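Data first, discussion second: the structure below is written as structure tokens.
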Amino acid sequence: MLLSGADIIVKTLIEQGCETVFGYPGGQIINVYDSLYKYQDEITHILAAHEQGAAHAADGYARATGKPGVVIATSGPGATNLVTGIATAYIDSVPMVAITGNVMTSQIGSDSFQEIDITGVTLPITKHNYFVGKIEDLADTIREAFVIAASGRPGPVLIDVPKDIQQAKYEYEPKAPVVPGGRICAKEIRISPAADCINKAERPFIYFGGGTITSEAQEEMLQLAELIDAPIGCSMMGISGVPTDHPRFLGMQGMHGHYASSMAMHNADCIIALGARFNDRVTGNRAKFSVGAKIVHIDIEGAELGKTTNDAHMLRGDIKMTLEKLLPLIKKDEKPEWMAKVAAFREEETRVQDNREGMTPRNCLMALNKYLGENTAVATDVGQHQMWAAQTVEFKKTRRFISSGGLGTMGFGMGAAIGAAMATRERSVLVTGDGSFGMNLNEMATAVTYNVPMVILLMNNGVLGMVRQWQTLFFDKHYSNTILDRRTDFVKLAQAFGADGAVATNLEELDDALAKAFACDGPFIVDCRIDKDEFVLPMLPPGGSMDDIIVKVGD
Amino acid sequence: MERYTIAILVNNQSGVLNRVTSMFRRRQFNIACLTVSETESPDYSRITILFEGEESKKNQLINQFYKLPDVISIKELHAKDSVSRELLLIKVANSPETREEIRSAAEAFEAKTVDYTRESIVMQVTGDRKRIDDFINIMRDFTIMEICRTGLVALQCGDATIRQETN
């Protein structure tokens, strides 16, 4: 059928299985919004308060479902407002398709009103991007974008469509949803030496990241752990990949990781890394990082193998497929000595754990845990609250921890929690801080408009806590610009947006507030007051090694 | 810091060169020279780049190139099993006193005179980089008015081709 470019965009999105898209209209994307109006029975558009919020919502939607999130924005500022959202998705390997309008082809390059070279701007933060100069390329470009976004290591793809292309008419033929490619198994000749290395290990440790979640390889990973009697830890991106209470799971490791997890990795003689990239927050000082361990690294992304660590075995391939080939070569072996050592690490972790009473971050999050359903997505912003949540919130189901890992984007959480609630069709939770919340709290308007059930646990300490923690430890307590003397009344703020909230100054009040919040239809802010000098512990000082770990303040 | 030559086969589309050079910019690599041209197939372009950098970063760079959907294949070229050529145009000042000396140097390097006036001589030299560098050095005894080099073009020896490279 003969359709306008704008109709082709929307029809192709529907054809590719998009039910919900996020965005914000504007002059150069107005035709697409007219088509969204026309096809509103087949596709839902969620209007955000700001394009950044829309991008984070698409990201949260994608993280919760594994399907590409779609965000639509106009040219110029609409497009540049997506940048932080796209970069956040890029570094965390989240599939996303961003569609932007642009000025007429004839005006491109003339600095017209609201014209920006968005393909140029997003070049280093997209997996790929397109400027569609010909209507005949439009539908296939969108399909290709979905393939690239979801294939191999996922990531964001941007498509810039000038207004005249949206208006032009062309024959549209529906096609089947694309099938992401790039799922390859590691080369056979690499698998058996890796298996030998694993079989010889006396103290193996499995370290997984977001790639294991993408590959849905948890079952195979757990089988491997059982066979070789290995403990499991993860990067922050791996959280919720296995149930928090799994007996072999030691939790996140790294700068603010669980003591037992970091220690087990540090003492291992073989680290099996699955879809994780040994970021500096994981390794600390690379020269001192797990020097005694041989690393078996499996990742779909060849560029990650041996990038920051001296990998003994590099297996480029899909984790699930590669583990399926690897497992038959692995000998069952019990390692009571190693397990005893791991148990000792756990005991030490319990010993140094924060067991104070009252409104400690840990107690607040333990209170939250009681309210979480199996399917509840918990999003976070970035800072101390994020690390506390990563350490304490309990998960049962994969893809339920929604947090900006690589980029560390403050302000990510509001949009992401909205997107996650849309994806799971259930109440979501946002754990945030007063600093991060201040960045994109405008999305409260979105949550109210669409009556998104959402519990916002705002860990309010009146400071930018993570920077303050560094200033306390490394900058002689010079609290430069980290004290927030804002006097914002968050309950009144919630009410002004048309939502509701409650203050919690002690654990009883917190429990009452959470009970109210989890019974509420729409968004609800729990203004949870904590002390400004709470620390995230343990802490590996930046550039430090496990020898420098701080487990208690005053150590 | 070592010098490396890599050849990259890419889709022949606008913006691809930008994507490739952006990888160098991100890693603070300085490109010493770069050539781009269409290949035996109009669908592909070949980019040859000579650059300086640390070996570990160079290996990273090559891995990262495979992340670009427009990159078909990459080959690092080594002097021992590849041939490389560059073309130089050099304009030197002409005068009755230097004329003969310039001519004999040019003969030794098989330089071709492509433009000749009372005031200037433009010569063309082809060869590997060293030969071009040497000729420019000799010409420094005279007055070099300006030079322009094409940058390297390079192919592997024997029947090996860049199309056979896979990630």
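Using the 1.4 Å probe convention, the accessible area of segment A:279-393 works out to 45 Å² per residue with neighbouring protein chains retained. Computed from protein heavy atoms with a 1.4 Å probe, the total accessible area buried between A and B is close to 1100 Å². Rolling a 1.4 angstrom probe over segment A:2-171 with all protein chains present gives an accessible area of which 52% lies on carbon and sulfur atoms. Residues A:CYS520, A:CYS270, ordered by accessible area of protein heavy atoms at a 1.4 angstrom probe radius and largest first, appear as A:CYS520, A:CYS270. Counting Lys and Arg as +1 and Asp and Glu as -1 over every other residue whose Cβ lies under 10 Å from the Cβ of A:LYS127, the net charge comes to +2.
Quick one: net charge of A:ASN102's neighbours, Cβ under 12 Å, K/R +1, D/E -1? With Lys, Arg at +1 and Asp, Glu at -1, the neighbours total -3. Placing B:TYR116, A:TYR130, A:TYR37 in order of accessible area, with the largest value first and a 1.4 Å probe, yields A:TYR37, B:TYR116, A:TYR130.
Cα centroid separation, segment A:136-186 to segment A:207-243: 31 Å. Our summary gives segment A:2-171 a relative contact order of 28 percent, counting only alpha carbon pairs under 8 angstrom and 6 or more residues apart. With n ≥ 4 as the cut-off for DSSP H runs, can you work out [θ] at 222 nm for the protein assembly as shown, using -39500 (n - 2.57) per run divided by the number of residues, rounded to the nearest 500? Rounded to the nearest 500, it is -10000 deg cm²/dmol. Compute the Cα gyration tensor for chain A, then decide on rounded, prolate or oblate, letting a ≥ b ≥ c be the square roots of its eigenvalues: rounded whenever a/c is under 1.5, prolate when a/b is larger than b/c in the other cases, and oblate in all that remain. It comes out oblate by the Cα gyration axes. Taking a sphere under 12 Å around the Cβ of B:ILE72 and counting the other residues whose Cβ falls inside, with K and R at +1 and D and E at -1, yields a net charge of 0. Counting only protein heavy atoms and using a 1.4 Å probe, the accessible area of A:GLU509 comes to about 70 Å².
Ordered from largest to smallest accessible area (heavy atoms of protein chains, 1.4 Å probe), the residues A:LYS187, B:LYS67 come out as A:LYS187, B:LYS67.
Note on segment B:107-141 and segment A:89-129: Cα centroid distance 46 Å, given to the nearest whole angstrom. A 1.4 Å probe, protein heavy atoms only, puts the accessible area of A:HIS313 near 40 Å².
As a fraction of the 1.4 Å probe accessible area of segment A:388-540, surface on carbon and sulfur atoms comes out at 50 percent.
Going from the chain on its own to the full set of protein chains, segment A:307-332 has these residues losing 20 Å² or more of accessible surface (heavy atoms, 1.4 Å probe, no ligands, DNA or RNA): A:LYS307, A:ARG316.
Computed in the context of the full set of protein chains, the accessible area of segment B:64-167 at 1.4 Å probe radius has 49% of its extent on carbon or sulfur. In terms of its alpha-carbon gyration tensor, segment B:53-105 comes out prolate; a/c meets the 1.5 threshold, and the first ratio a/b outweighs b/c.
The values are calculated or read from the model by the stated rules, or taken from the named source; none is laboratory data. If you're wondering where the values come from, they're calculated on a predicted model, not measured in any experiment. Glycine gets a Cβ as well: all are built from the backbone with ideal geometry, and neighbour counts include every protein chain shown. Keep in mind that these areas ignore ligands, DNA and RNA; they rest on the heavy atoms of the full protein, side chains included. Shrake-Rupley method; radii C 1.70, N 1.55, O 1.52, S 1.80 Å.
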